[in-house]
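Heads up, the thing below is written out as structure tokens.
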Amino acid sequence: MYANQAATFNGTAICGSNTLKLNLTLHAGWNMVAAFNESGILNLASVTDPASVTLKLVKAQESVTLSTTDNSSLTLSPQKTETRAITFKQTGGIVGPVTLSTNIPGVVVTPSTITFSSTPGQALQAQAATPALRALSRLTGQAQLQAQALTTNVTFSLNDKATSTLGSEGLELKASQNGVELGKTSFAVSITAPHVKASFQEYLRLSAYRATSTNFAVTLEPADGFSGPVTVSLTDLPEGVTAAPKTVTILPNASTS
């Protein structure tokens, strides 16, 4: 046990549901302490006889915890972005850039990377084995190193690969380093992206005969600000039936047949 100053503890302490029997004489620095359970009581006693101990420091598994005080749904469109303050808390001594991304194509985030700087001693955080020992460490004035955290505003927006959602979907904000996912958080999101509505002018039933061709009209209507060239094609045709794709230019707020 480490103490930043000399201290003596003798007697019984009750910390919540934990009962501790203390017989400690600590000096500044590292002290050898015996911890054992007797009839449900945790005994802590200084070791005064000559003895040796090996301290083993194990690095925590690298991870990033993402949290926010605003978990409300996101509503995204070409004209509308959303921003949330995200706190990134790293464990395991992560240093350097961490990449931010989402699980939905077309939804991008700014910034796309955050950077954890090196903190002296960050890999040496001492964690007491039980709540009782942690309480005792506070009594002795032991200072714990806290996991490095940073908070930044993350803006969600759409690029040209975005497609509209049917209602609300789950959006994951992921933090990764060197291709390894370290952590994530999630939001509900509704996306309204530029798109084209295609429809037949009336119920369509075609009769196809060998070595013949036919034409039919498809109405294309832009939605949510779409404009530009689109290619119309047919899929899942019967065997032996083909349809040549056709590219047309869609004008804003105008139907095309």
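Brief remarks follow.
- Using only the C-alpha atoms, the convex hull of the range 2-46 corresponds to 67 Å³ per residue.
- Remark on the range 195-250: Rg and Dmax equal 13.3, 42 Å (Cα only).
- Compactness of the range 151-191, taken as the C-alpha radius of gyration over 2.2 N^0.38 Å, stands at 1.36.
- Sorting 62, 239 from the fewest to the most surrounding beta carbons within 10 angstrom yields 239, 62.
- Take 244-252, 107-115 and order them by the average number of nearby Cβ atoms within 10 Å per residue, most first; the result is 107-115, 244-252.
- Reachable aspartates and glutamates from residue 197, criterion Cα separation under 13 angstrom, eight or more residues apart if same chain: 221, 224
Every read-out reported here was derived from the displayed coordinates using simple, explicitly stated rules and does not represent laboratory data. In this text, all values refer to a predicted model and were calculated from it rather than measured experimentally. So basically every Cβ, Gly included, is an ideal-geometry build from the backbone, and we count neighbours across all protein chains shown.
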